[in-house]
Amino acid sequence: MGRVNHCPLCLVKQREIDRLKEENVLLKQRLSYRERKDKEGFFGSSTPSSQQPVKANTEDVKKPRGAKLGHKGFGRKAFSVSDADRVERVEAIVGEMCPICGGCLEDKGDDSRSVLDIHPVKAERVVYLQKKKWCRGCGKTFRGEVPGVLPRNLYSNQLMATATTMHYLHGIPLGRVCEQLGVGDGSMVEIFHRMARLFSGVVPKLIEEYRQALVKHADETGWRTNGKNGYAWLFATLKISLFLFKKTRSSSVPHAIFGAERLPGTLVVDRYNGYNKMPCDIQYCYSHLLREVEDLEKEFADQGEIQAFVSTVAPLLALAMGLRGQPISDAQFLLKASEVKAQIKAAMEAPAQHMGIRRIQDIFTEHAGRLYHWADNREVPADNNLAERDLRPTVIARKVSFGSQSDAGAHTRSVLMTIARTLRKRGEDVAVRLKYVLDELAKDMSKDPCSLFFPQPR
């Protein structure tokens, strides 16, 4: 074993080295932030082409297109005959003689070419002839069961599962789904309503699972129902996406989800005060705070105090959001998170003259109890990006459909979107799982859809 160096001078030098290393990390973060901002421009990463700065003429220094020599690439790889769903033989276009020289052709085996193909999605009109038998003794009639169809239903389970996946998972507009499957609008709406009635018991059980999660997210966005303004609410975890469509944005909606009893874990949200009284720890989203800090720079670009504040705080907030994803141990994370937290607090307690800076500082002072849970628990993110990603398809659907046409439609959307997007989060093939559940219910309507969708591990 090596000897421990107790030299006081060496210890002082080592502390200085450690301090310089930490300073170097922060400087790199700041540099990375500045480079990103310079690349994005004044208007951020979504800068329209018409507002982007004119670049210098680079015709003479254009980089060659395509991958570098030796690059393996990430494209689709050919699959073997054993992995294929179908194998077809393609005969040679020549006979027994070479068309060029007239020589005899010898058989040299097969070349293989793998191709991904798809069958057109098309509804078929199917008539099942059910064999009937009659008992002379008791008068009972027996008939063959139609496979893959719910009782008293005109549409197959496959069609219903496919339509639900197309509309509520992939966001294909209702009209296009109807056109592609050959089903009328009214009939398709009734299909969705029946699916929602069958599966309505799934949502309460997912709500209970959400309540017990150690990390929870929530967010909301505008959604019109029956021509009136309302809100689409999202309550999400890594394994759940709960959608509720309500007429109000009041705290009564999250209160109905969370209840009154203290719950485990942490809720990650933006600073909307409707979440503040939920019975669990609350972590405010740093992504929103970072945007507010960056807005200061845009609004007061010529103010030196603002520039200094933004160049200090923005990289720290970005580092806080990215720290949990770095390849470091949990112990290293906690140590580094404590340092970043202390630096953020120091920046928020530093004297400031500009009202814009003091406004940001007041946020961190007033809500200190809701801003640093990420530093104590690596599982808690410092941003609400998961919820924002989950809500994005709803925002797109709002632009396409202009909302739900009725309260029943909003309820149906809530149930089917929750199931479809929760299944996808859990790595399921949504259409396959939907058909499986419908097939099981067709055999026995008393089965629990929730346990069919989300079986508990044994």
Exercise for review: Could you grab the pairs with beta carbons closer than 6 Å, sequence gap of 6+ or different chains, first residue in the stretch 176-200 and assigned to a helix (DSSP H, G or I), second one surrounded by fewer than 13 Cβ atoms within 10 Å (Cβ to Cβ)?
Suggested key: C178/D185
Exercise for review: Would you mention how many residues in the stretch 318-348 are in contact with a Ser or Thr (Cβ under 8 Å, 6 or more places away or on another chain) and without any contact (Cβ under 8 Å) to a residue 60 or more places away in the chain?
Suggested key: 2
Revision key, fill the gap. Among K435, K399, the single one that is of a type in the set (K, R) and either under 29 Å from G230 (Cβ atoms) or free of Cβ contacts under 8 Å to residues at least 40 places away in the same chain (or both) is K399
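Given the structure, is L263 assigned to a loop (DSSP other than H, G, I, E, B) and farther than 17 Å from H411 by Cα?
On the way: assigned to a loop (DSSP other than H, G, I, E, B): yes; farther than 17 Å from H411 by Cα: yes.
Answer is yes for this residue.
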Practice item. Pairs only if they're at least six apart or on different chains, beta carbon under 8 angstrom, first in the stretch 223-244 and in contact (Cβ under 8 Å) with a residue 40 or more places away in the chain and buried (at least 21 other Cβ atoms within 10 Å of the Cβ), second outside any strand (DSSP E or B) and among the acidic types (D, E); list them, first residue then second. Key: T225/D407; L234/D390; A236/D390; I240/E209; S241/D390
Check your understanding: What residue, among those in the stretch 201-222 that are touching a residue at least 60 places away in the same chain (Cβ under 8 Å) and outside any strand (DSSP E or B), is farthest from the chain's Cα centre (by Cα)?
Key -> G201
Check your understanding: Looking at this structure, is R398 modelled with pLDDT under 95 and surrounded by fewer than 20 Cβ atoms within 10 Å (Cβ to Cβ)?
Key -> yes
**Study point:** Identity of the residue in the stretch 138-185, under 19 Å from K447 (Cβ atoms) and among the β-branched types (V, I, T), that ends up surrounded by the most Cβ atoms within 10 Å (Cβ to Cβ)
**Key:** T164
Practice item. Restricting attention to helices (runs of 4 or more DSSP H) lying wholly within the stretch 355-458, give those where 1 or more residues are closer than 30 Å to P279 by Cβ. Key: 355-366, 373-376, 385-401, 407-425, 449-453
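The values are calculated or read from the model by the stated rules, or taken from the named source; none is laboratory data. The structure displayed is predicted, hence computed values, not measured ones. Here Cβ is always computed from backbone atoms with ideal geometry, including for glycine, and neighbour counts include all displayed protein chains.
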